[in-house]
Amino acid sequence: ETGVTQTPRHLVMGMTNKKSLKCEQHLGHNAMYWYKQSAKKPLELMFVYSLEERVENNSVPSRFSPECPNSSHLFLHLHTLQPEDSALYLCASSQDGASNEKLFFGSGTQLSVL
Amino acid sequence: DAKTTQPPSMDCAEGRAANLPCNHSTISGNEYVYWYRQIHSQGPQYIIHGLKNNETNEMASLIITEDRKSSTLILPHATLRDTAVYYCGHLGAGSYQLTFGKGTKLSVIP
């Protein structure tokens with residue numbers, strides 16, 4: 001148990017659906033992250049929030065929309081996804097987002113887009 | 001961007017030391033070297049990180065070459081629970097982009 005909880009663990013959605021991924025951290029951290037892990041590609045950073053402000057957006061398509069209502073919760077809203085968006089979506093948190101910190105990852109949401 | 005390269009797979013006998021290499025020949029002077037591991041169906045787990053000096057914690061040791069172009073993660077007494085994919089990565093000061101390589105799948109053999 002890392003202190004970072006993601007729900008749901010598995011999600012199957014059609015290309016026209018709208019769904020949301022949820023992440024909650026119980027570590028008192030100030031920075032939260034969304035990463036994408038595909039089968040044949042290295043881990044890709046998608047978004048970073050520090051103190052509830054988005055500080056990094058790595059050229060992610062607009063069909064992915066993050067939301068950080070407070071420092072403990074992070075959402076990833078999904079709409080009109082493509083089959084190539086099928087992947088493991090990982091949430092992580094760190095104390096402040098500084099470069100010498102360690103990330104605490106959740107177990108991820110395995111997303112399948114049909 | 002600096003890249004990292006790792007062997008795709010390695011075997012290690014249970015109880016022996018596992019030495020996992022990583023090449024990061026284009027790493028910048030202010031970039032930390034990080035190691036994480038991922039057990040199937042879980043998120044990555046932090047192991048250790050360092051800048052220039054060798055580091056040791058309760059999980060592992062990190063040896064960084066003097067020119068910082070490569071590093072080795074050492075698990076001193078590998079157990080079956082250490083079977084996982086081990087990722088080497090780097091992160092620069094002021095950056096949020098923790099860049100991982102493709103990882104080494106370590107199999108600890110009884």
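The values are calculated or read from the model by the stated rules, or taken from the named source; none is laboratory data. Keep in mind that what you see is a predicted model, and the values were worked out from it rather than measured. Heads up, the Cβs are rebuilt from the backbone with ideal geometry, glycines too, and the neighbour counts pull from every protein chain shown.
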(message) Name the residue that is nearest to A:MET13 (Cα to Cα), counting only residues in segment A:84-101 that are modelled with pLDDT under 90 and facing chain B (nearest Cβ under 7 Å).
(response) A:GLY97
(request) Any chance you could count how many residues in segment B:53-76 are among the hydrophobic types (A, V, I, L, M, F, W, C) and not in a strand (DSSP E or B)? (result) 2
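Looking at B:ILE74, B:ILE48, B:ILE39 in this structure, which one is aliphatic (A, V, I, L, M) and closer than 20 Å to A:GLU101 by Cα?
Values: B:ILE74 fails: closer than 20 Å to A:GLU101 by Cα; B:ILE39 fails: closer than 20 Å to A:GLU101 by Cα.
B:ILE48 is the lone residue from the list that is aliphatic (A, V, I, L, M) and closer than 20 Å to A:GLU101 by Cα.
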(request) For segment B:37-71, enumerate the residues that are under 18 Å from B:THR5 (Cβ atoms) and either surrounded by fewer than 18 Cβ atoms within 10 Å (Cβ to Cβ) or in contact with a Gly (Cβ under 7 Å, 6 or more places away or on another chain) (or both). (result) B:LEU62, B:ILE63, B:ILE64, B:THR65, B:ASP67, B:LYS69
(message) Looking for something under 19 Å from A:LYS40 (Cα atoms), away from chain A (no Cβ under 14 Å) and at pLDDT 95 or above - is there at least one such residue anywhere in segment B:96-107?
(response) yes
(message) Residues to consider are A:GLU24, A:GLU56; find the one that is of a type in the set (D, E, K, R), surrounded by 14 or more Cβ atoms within 10 Å (Cβ to Cβ) and more than 13 Å from every other protein chain (Cβ to nearest Cβ).
(response) A:GLU24
(message) So in segment A:59-83, with the set limited to residues that are without any contact (Cβ under 8 Å) to a residue 12 or more places away in the chain and more than 13 Å from chain B (Cβ to nearest Cβ), which one is nearest to A:HIS29 (Cα to Cα)?
(response) A:GLU67
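Which residues, counting only those in segment B:1-57, are acidic (Asp, Glu) and more than 19 Å from A:GLU44 (Cβ to Cβ)?
Initially, segment B:1-57 is screened for residues acidic (Asp, Glu), giving B:1, B:11, B:14, B:31, B:55.
The answer is B:ASP11, B:GLU14, B:GLU55.
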(message) When you scan segment A:2-19, do you find a residue that is touching a Ser or Thr at 6+ places or on another chain (Cβ under 9 Å), away from every other protein chain (no Cβ under 14 Å), over 20 Å from B:ILE39 (Cα atoms) and surrounded by 15 or more Cβ atoms within 10 Å (Cβ to Cβ), even just one?
(response) yes
(request) Taking A:LEU90 as the residue in question, decide whether it is assigned to a strand (DSSP E or B), under 21 Å from B:CYS88 (Cα atoms) and touching a Ser or Thr at 6+ places or on another chain (Cβ under 9 Å). (result) yes
(request) Among the residues of segment A:28-50, count how many are outside any strand (DSSP E or B), among the hydrophobic types (A, V, I, L, M, F, W, C) and surrounded by 13 or more Cβ atoms within 10 Å (Cβ to Cβ). (result) 1
(request) Kindly indicate which of B:GLY89, B:GLY29, B:GLY94 is within 25 Å of A:TYR49 (Cβ to Cβ) and in a loop (DSSP other than H, G, I, E, B). (result) B:GLY94
